[in-house]
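As structure tokens, the structure follows; a few thoughts come after it.
The values are calculated or read from the model by the stated rules, or taken from the named source; none is laboratory data. Fair warning: this is a prediction, and the values are worked out from it, not measured in the lab. Please note: Cβ atoms are built from the backbone with ideal geometry, for glycine as well, and neighbour counts cover all protein chains shown.
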Amino acid sequence: MKSNTKSFYHLTFSSCTTDFRTPLSTLRVGSAWLGIKHKKTTHYSPWQNCYALRWIKTCRNEFLDFFIPINQYHLEKNLTEFVHFYNHHRTHLALNKDSPVSSPVLKPPPGAKLGATPIIGGLYHTYSYNKAA
């Protein structure tokens, strides 16, 4: 892997005309020093921002349309649970009906029953085999 670092010892604070107090200007100046060209994306342009827009649409359609948050903590807690469900249990057509974090296919043990575990207050469920008592 080739490193793209340059020596910055010749630069002084007075040679930089950008205000360093904002994070965005720090990112721009730091990127310019490393030789990285900054390219902005257009607002709501699916061909430039397709992954972010697809995640936002999925989150709205499959989670926020069925969930009313009480406060910010309630929203963040359940959104974290939805993200875990989305990555570990929800099937995706682009992945041949597998989840991004793949899990082994379970075969039913003898005498086991299929049990459902509710997620996000019963909005979704995960299924696993439970031993019969």
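Loosely packed, with under 11 Cβ neighbours inside 10 Å, modelled with pLDDT under 80, part of a loop (DSSP other than H, G, I, E, B) and in contact with a Ser or Thr (Cβ under 7 Å, 6 or more places away or on another chain): does that describe H38? Break it down stepwise before answering.
Working: loosely packed, with under 11 Cβ neighbours inside 10 Å: yes; modelled with pLDDT under 80: yes; part of a loop (DSSP other than H, G, I, E, B): yes; in contact with a Ser or Thr (Cβ under 7 Å, 6 or more places away or on another chain): yes.
In short, yes.
Any idea which residue in the range 93-111 is farthest from E62 (Cα to Cα), counting only those that are at pLDDT 85 or above and surrounded by 10 or more Cβ atoms within 10 Å (Cβ to Cβ)?
Within the range 93-111, the match that is farthest from E62 (Cα to Cα) is P109.
Yes or no: T58 modelled with pLDDT of 85 or more and surrounded by 13 or more Cβ atoms within 10 Å (Cβ to Cβ)? First the steps, then the outcome.
Values: modelled with pLDDT of 85 or more: yes; surrounded by 13 or more Cβ atoms within 10 Å (Cβ to Cβ): yes.
Criteria met by T58.
Limited to the range 87-112, what total is found for residues that are in contact with a strand residue (DSSP E or B) (Cβ under 9 Å, 6 or more places away or on another chain) and not in a loop (DSSP other than H, G, I, E, B)? Let's see the steps before the verdict.
Here is the first cut: in the range 87-112, the residues in contact with a strand residue (DSSP E or B) (Cβ under 9 Å, 6 or more places away or on another chain) are 88-92, 98-100, 106-109, 111-112.
Next, only the ones that are not in a loop (DSSP other than H, G, I, E, B) stay: 88, 92, 98, 112.
Residues that pass the stated criteria total 4.
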